[in-house]
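**Q** First, the structure itself, so that you have it in front of you.
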Amino acid sequence: MSTATATVAGGCFWCVEAAFERVRGVESVVSGYCGGHADDPTYEAVCSGTTGHAEAVQVTYDTDEISYRDILEVFFTIHDPTTEDRQGPDVGSQYRSGVYYHDEEQRRVVEEYIDELEASGEYSGIVTEVAPLETFYRAEEKHQDYFEKNPNQPYCQMQIPPKLEKMAAKHADKLADD
């Protein structure tokens, strides 16, 4: 098995993590923070909007099962890449849309894919930040597998099921067998 890692930010990391945990070929999903200027940020600091970090997830996947482009297709389905610093009720730069590439090949693929989305008319005015990943900080343990541990939490009940339904409708071929 050959694995690779993708790092994306698309609003609350609980939502993005919950979606990617259901994708075939995904080995692990870790919630955390990237793209900021403070060392070892905490959830509270990131939520304050003062660290410059985005809530993000790192997705480790089996490249024999799923491609980086497939990861991007799912990612661009489960969030709105046209709203700056906002996803649903979450507002602030920590909720921005971002793809943080690990190498030049990932940069090339994401830039081409965004161009394709714009040209297709599926999205207009994509504001997704595309930048090299400098440092990824793992979020506190209570934020890992949050939806799995807290399925009845009101925010999760309101925000996550619509993303999962949209993903299932558009990418049924990419979902893991339960």
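**Q** Could you please tell me which pairs satisfy a Cβ distance under 6 Å, a separation of 6+ or placement on different chains, a first residue in segment 1-18 that is at pLDDT below 95, and a second residue that is surrounded by fewer than 24 Cβ atoms within 10 Å (Cβ to Cβ)?
**A** Matching pairs, first to second residue: Met1/Asp62.
**Q** Select from segment 124-149 the residues that are in contact with a Lys or Arg (Cβ under 9 Å, 6 or more places away or on another chain) and basic (Lys, Arg) and write down the one among them that is nearest to Glu104 (Cα to Cα).
**A** For segment 124-149, the residue satisfying everything is Lys142.
**Q** Also, I was wondering about something else. Name every residue in segment 39-52 that is hydrophobic (A, V, I, L, M, F, W, C) and either over 21 Å from Asp90 (Cα atoms) or buried (at least 23 other Cβ atoms within 10 Å of the Cβ) (or both), in order of residue number.
**A** Correct list: Val46 only.
**Q** Under 9 Å between Cβ atoms, at least 6 apart or on separate chains: pull out the pairs that start in segment 98-125 with a residue that is farther than 24 Å from Tyr33 by Cβ and end on any residue that is part of a helix (DSSP H, G or I) and among the hydroxyl-bearing types (Ser, Thr, Tyr).
**A** Partner pairs satisfying both residue conditions: Glu105/Tyr68.
**Q** Where residues in segment 58-68 are touching a residue at least 60 places away in the same chain (Cβ under 8 Å) and part of a loop (DSSP other than H, G, I, E, B), which of them is surrounded by the fewest Cβ atoms within 10 Å (Cβ to Cβ)?
**A** Asp64
**Q** Determine if segment 49-71 includes at least one residue that is charged (D, E, K, R), within 27 Å of Met158 (Cβ to Cβ) and in contact with a Phe, Trp or Tyr (Cβ under 9 Å, 6 or more places away or on another chain).
**A** So far as segment 49-71 goes, yes, one or more of its residues are charged (D, E, K, R), within 27 Å of Met158 (Cβ to Cβ) and in contact with a Phe, Trp or Tyr (Cβ under 9 Å, 6 or more places away or on another chain).
**Q** Based on this model, can you work out whether Pro41 counts as under 13 Å from the mean Cα position of the chain (by Cα), in a loop (DSSP other than H, G, I, E, B) and within 28 Å of Gln157 (Cβ to Cβ)?
**A** no
**Q** Further question: Can Glu55 be described as surrounded by fewer than 16 Cβ atoms within 10 Å (Cβ to Cβ) and not polar (S, T, N, Q)?
**A** Considered against the rule, which asks whether it is surrounded by fewer than 16 Cβ atoms within 10 Å (Cβ to Cβ) and not polar (S, T, N, Q), Glu55 comes out as no.
The values are calculated or read from the model by the stated rules, or taken from the named source; none is laboratory data. The shown structure was predicted, so the numbers you read here are calculated from the model rather than taken from an experiment. So basically every Cβ, Gly included, is an ideal-geometry build from the backbone, and we count neighbours across all protein chains shown.
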